[in-house]
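The values are calculated or read from the model by the stated rules, or taken from the named source; none is laboratory data. It should be emphasised that the depicted structure is a prediction, and the values quoted were computed from it without experimental measurement. So basically every Cβ, Gly included, is an ideal-geometry build from the backbone, and we count neighbours across all protein chains shown.
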Amino acid sequence: MSIGPLEIILLIVIIALVFGARKLPELGKGLGQGIKEFKRETRHGEDRAAVTDVSSRQLDPATGAPLHTPAEPVTERRS
């Protein structure tokens, strides 16, 4: 089931009748700003998750290297 061009035109006409032709630009502007804000918050949420993941790792005070956690097995190298 898909929406064709006739259905889109019909929806636009119904929306224009309900909201009035004068309110359509304001409605479109508000919708565009809402989508832009949603994308920005989604992007910032991913950035915050990445920063939290990196900052939650414990570092060795002497070397500054990340300490191994039980989830990261330590492999021994034999010479």
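If you go through the stretch 18-54, how many residues are of a type in the set (A, V, I, L, M) and at pLDDT 90 or above?
1
Answer yes or no as to whether Ile15 is surrounded by 10 or more Cβ atoms within 10 Å (Cβ to Cβ), among the β-branched types (Val, Ile, Thr) and modelled with pLDDT of 80 or more. It is true that Ile15 is surrounded by 10 or more Cβ atoms within 10 Å (Cβ to Cβ), among the β-branched types (Val, Ile, Thr) and modelled with pLDDT of 80 or more. Out of the stretch 12-32, which residues are in contact with a Leu (Cβ under 9 Å, 6 or more places away or on another chain) and assigned to a loop (DSSP other than H, G, I, E, B)? Scanning the stretch 12-32 gives no hits.
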